[in-house]
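Asker: Have a look at this one.
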Amino acid sequence: MRPLEPDQGTLGEQLHALQLINHSIGFDAYFVQTIFCPLGVAKYLVGNKSEPVLQTIREDRAAMHAALRVITETFINYAIACLDQGASGIFYATNGWATESMLTADQYREFGEQYDLEFLDAIKSRSKFNILHNCGTHIYFDLLATYPVQAINWAATLEGNPDLREGKLRSGKAVMGGISEKTILKTGEPDQVREEVERALELTGGTHFLLAPGCSIPPETPAENLFAIRSMLS
């Protein structure tokens, strides 16, 4: 493996997209670029399969660290290029690796946390608004709560995760979430969506809070459910 240039290939296409977005809304709103953590990138490099990564962690730690080092270098340079093109910050996703079902807390400290912090430390003085997205159930919330970001996003309605009020208290940061994107938003009725929004506002008091899904919104989500969210905030 070797580091990639941020302006080549698919990464370069993303930079061009950021240019277009910046020209359209850069003076009116913040916008952020999603970047996956090094472990998440490693999984995609081996066919979007977790087991080869886990096997390497178990059997050849040095090789895993060598790969994560190259990935981290590549995406630090790419993140800086994104910010240079006008992105307000980075939406940094752990891709489910910081959960009990994937790694122990000690394993995540060794193979996740040190690279996460290297990445975030490299961009924190250059960006206006960075978000940590911690995917999955039974997340290591407190392990990541001190990361140098302005907001934390997670699936606050899933099993083993703190709700929005608890997460806000435990992190001391702005929290982002409240919408169950895989259940109520995707298959529920607009009234159920509105009830969930009301619950999120109640838990947070509506301060230091960004209403959002716990992860990406499925493309098949009914438009009327998205309009229901909008109607609660207008």
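Asker: Could you compute the net charge surrounding GLU181? Neighbours are other residues with a C-beta less than 12 Å from the C-beta of GLU181; K and R count +1, D and E count -1.
Answerer: Overall, the nearby charge balance is 0.
Asker: Hey, what's region 94-201 come to in accessible area per residue, 1.4 Å probe, Å²? All intermediate terms of the calculation are to be shown ahead of the outcome.
Answerer: Details: 4700 Å² over 108 residues.
Accessible area per residue: 44 Å².
Asker: What is the Cα radius of gyration of region 28-121 over 2.2 N^0.38 Å, N being its residue count?
Answerer: Cα Rg divided by the expected 2.2 N^0.38 Å: 1.12.
Asker: Kindly work out what percent of the DSSP beta bridges joining two residues of the chain are antiparallel, to the nearest 5.
Answerer: Antiparallel bridges make up about 5 percent of those DSSP assigns within the chain.
Asker: Please work out how much length the chain gains when fully extended from GLU159 to ARG69, using 0.36 nm per residue of separation minus the C-alpha to C-alpha distance, in nm with one decimal.
Answerer: Gain on extension, GLU159 to ARG69, equals 29.1 nm.
Asker: Something else now. Under the 0.36 nm per residue contour assumption, what length would be gained going from the current alpha-carbon distance of ALA223 and GLU166 to full extension? The partial results should precede the final answer.
Answerer: Numbers: separation 57, 0.36 × 57 = 20.52 nm, distance 3.06 nm.
Extra length from ALA223 to GLU166 when fully extended: 17.5 nm.
Asker: Another question, if that's okay. When the helices in the chain are scored as -39500 (n - 2.57) per DSSP H run of 4 or longer and the sum is shared across all residues, what 222 nm value do you end up with, to the nearest 500 deg cm²/dmol? Mind showing how you got there, number by number?
Answerer: Numbers: 11 runs with 115 residues, N = 234.
Mean residue ellipticity, 222 nm, calculated: -14500 deg cm²/dmol.
Asker: Looking at the P(r) of the chain, how many percent of alpha-carbon pairs lie beyond 23 Å?
Answerer: Working: 14207 of 27261 pairs.
In whole percent, the long-distance tail amounts to 52.
Asker: Out of every Cα pair in region 169-223, what percent are spaced more than 13 Å from each other?
Answerer: When all Cα pairs of region 169-223 are counted, 59 percent exceed 13 Å.
Asker: Just to be sure I follow the definition: excluding the sites themselves, where is the longest run in the chain that has none of the trypsin sites (Lys or Arg not before Pro) in a DSSP loop with at most 16 other Cβ atoms within 10 Å?
Answerer: In the chain, the maximal stretch lacking such sites is 129-234.
Asker: Extending each Cα 7 Å along its Cβ direction at ARG126 and THR34, get the distance between those two points in nm, one decimal.
Answerer: Distance between label points: 2.2 nm.
Asker: Here's another thing I want to ask about it. With a 1.4 Å probe and all protein chains in place, put MET1, MET232, MET64 in order of accessible area, largest first.
Answerer: From most exposed to least exposed: MET1, MET232, MET64.
Asker: What pairs from LYS128/LYS186; LYS43/LYS168; LYS43/LYS182 go past 28 Å between their alpha carbons?
Answerer: Flagged as over cut-off: LYS128/LYS186; LYS43/LYS168.
Asker: Provide the net charge surrounding PHE141, with neighbours chosen by a C-beta distance below 10 Å and charges set as Lys +1, Arg +1, Asp -1, Glu -1.
Answerer: Charge balance near PHE141 sits at -1.
Asker: Beyond 15 Å, what percent of the Cα pairs of region 85-157 remain?
Answerer: The share of Cα pairs beyond 15 Å in region 85-157 comes to 51 percent.
Asker: Right, something else. Tell me the GluC sites (Glu not before Pro) within region 140-184 that lie in a loop according to DSSP and have at most 14 other beta-carbon atoms within 10 Å.
Answerer: Filter output for region 140-184: GLU159.
Asker: Can you give me the span-like helices of the chain, meaning DSSP H runs with 20 Å or more of Cα extent along the axis and Kyte-Doolittle mean at or above 0.0? Before the final figure, lay out each step's value.
Answerer: On the way: long enough: 9-25 (24 Å, 0.19); 61-84 (34 Å, 0.75); 190-204 (21 Å, -0.97).
TM-like helix candidates: 9-25, 61-84.
The values are calculated or read from the model by the stated rules, or taken from the named source; none is laboratory data. Model, not experiment: these values are computed from the prediction. Cβ atoms come from the backbone with ideal geometry, glycine included; neighbour counts cover every protein chain shown. Quick note on the areas: whole protein, heavy atoms, side chains included, nothing else; ligands and nucleic acids left out. Shrake-Rupley method; radii C 1.70, N 1.55, O 1.52, S 1.80 Å.
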